[in-house]
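Novice: Starting off with a structure, shown below.
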Amino acid sequence: MTAAAAVDDRPAPQAPALAEAPQPTGEMPSAGDRLKQLAIAALDKLAGAAVVKVEELSDKLGDMAADAVSGNMPTGVGANALMKGVLAKMEGKNPVIAALKGAFGAMSTSTKIWLSLALILLAVLSPVALLVLALVLLVAAIVGAVKG
């Protein structure tokens, strides 16, 4: 955790309180009422989990921003892609293309070569896989017609 995040005096995120169950009045609640209570309880629990996750993400982004201000930028392919995508979005350009370019630019030369070879292999083998799939479906159709 950074020094900026250490002085944060916000309270820890808490899940919202669960819906209160009605007090027993002597008669049995209907199935619809019980289902409604169950749905309310489940939604309360999901909302609580979402609030906690959003707070965690917010804290993480705050830590990253504090690190960026202090000059300690995260390194790596993902961080470079993120930064290039954000910069492109702020400039009004396509952030997806910029993020892909940033990720590819942060890779080592050997990784770039392996990725290029994998893409070429995919392009060459895709038609073969489609042809095999078509033949399998044709044989299955013929067998189904003969049996049925």
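Readers should treat all values here as calculations from the given coordinates under stated rules, not as data from a laboratory. Treat the numbers as computed from the prediction; the structure is a model and nothing was measured.
Novice: At 10 °C and a viscosity of 1.306 mPa s, what translational diffusion coefficient does Stokes-Einstein give for segment 108-148, taking Rh as the Kirkwood radius over Cα pairs? Give it in µm²/s as a whole number.
Specialist: My calculation gives 127 µm²/s for D.
Novice: Under a straight-distance cross-link criterion of Cα-Cα below 28 Å, which lysines are reachable from residue 53, leaving out those fewer than 8 residues away in the same chain?
Specialist: Within the straight-line limit of under 28 Å, residue 53 reaches these lysines: 36, 45, 84, 89.
Novice: Step through the residues of segment 142-148 one at a time and calculate ³J(HN,Hα) from phi using the Karplus curve (6.51 cos²θ - 1.76 cosθ + 1.60, θ = phi - 60°), rounding each to whole Hz and writing x for Gly and Pro.
Specialist: Each residue of segment 142-148 in turn: 5, 5, x, 5, 6, 6, x Hz.
Novice: Kindly write out, for segment 40-55 in residue order, the coupling ³J(HN,Hα) from the Karplus curve 6.51 cos²θ - 1.76 cosθ + 1.60 (θ = phi - 60°), rounded to whole Hz, with x marking Gly and Pro.
Specialist: 5, 5, 5, 5, 4, 5, 5, 5, x, 5, 5, 4, 5, 5, 5, 5
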